[in-house]
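Reading through the structure tokens given below for one structure.
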Amino acid sequence: MTIRLFSLLIWVLFCTWFPQVLFADRLVGAESTPARTEAISHNPQSSDIFAYPPDYYAVQIVAVKTKPQVVDLLKRYDLGDPPYGLMKTDTGFWYVLLLGVYPNYERAVDARDKLPPELLKLKPWVRKMGPLQAAISAAYPSTQ
């Protein structure tokens with residue numbers, strides 16, 4: 001009985017603390033709101049996340065709470081400089097790390113499925129750009 005309750009508690013904590021909606025080296029406060037462009041990093045082949053049409057798709061590798069966690073993942077998996085950004089969700093602020101942005105769902109799924117097994121363990125998922133752009137915008141209310 002105790003083991004079941006403990007397991008349930010761990011599962012609940014895992015599901016609420018580490019949702020697969022994934023990012024923040026600092027929380028956005030009333031005194032200091034970073035410029036939206038500070039949260040966007042991209043490689044030379046990609047443009048600003050907001051330049052993509054909202055009906056495009058992104059492969060989200062993971063969401064983490066701090067920018068150093070993003071940097072660690074980039075180094076650990078030798079990911080280069082993929083897009084990532086700070087976003088606001090119901091559970092707080094998260095840095096979302098993207099594999100890339102694709103014009104349709106099929107190409108995004110194909111790119112996700114080509115990830116190495118160690119990255120697939122992170123359960124990357126395909127999502128529409130529109131809601132992602134809205135979540136990133138929500139992290140920077142003073143720039144809207």
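Throughout, read-outs are computed from the coordinates displayed, never taken from laboratory work. Quick caveat: nothing in here was measured; it's all calculated off a predicted structure. Positions of Cβ are generated from backbone atoms using ideal geometry, with glycine treated the same way; all protein chains shown enter the neighbour counts.
Ranked from highest to lowest mean number of other Cβ atoms within 10 Å per residue, what is the order of the peptides 52-60, 92-100, 68-76?
The peptides rank, most packed first, as 92-100, 52-60, 68-76.
Stretch ASP48-LEU74 to full length: gain in nm at 0.36 nm per residue minus the Cα-Cα span?
Gain on stretching ASP48 to LEU74: 7.5 nm.
Pop out the ³J(HN,Hα) list for region 51-60 in order, Karplus 6.51 cos²θ - 1.76 cosθ + 1.60 with θ = phi - 60°, rounded to Hz; leave Gly and Pro as x.
Each residue's phi maps through the Karplus curve to give 7, 7, x, x, 8, 6, 10, 10, 9, 8 Hz.
Could the peptides 80-87, 105-112 be put in order, highest first, of the mean number of other beta-carbon atoms found within 10 Å of their residues?
80-87, 105-112
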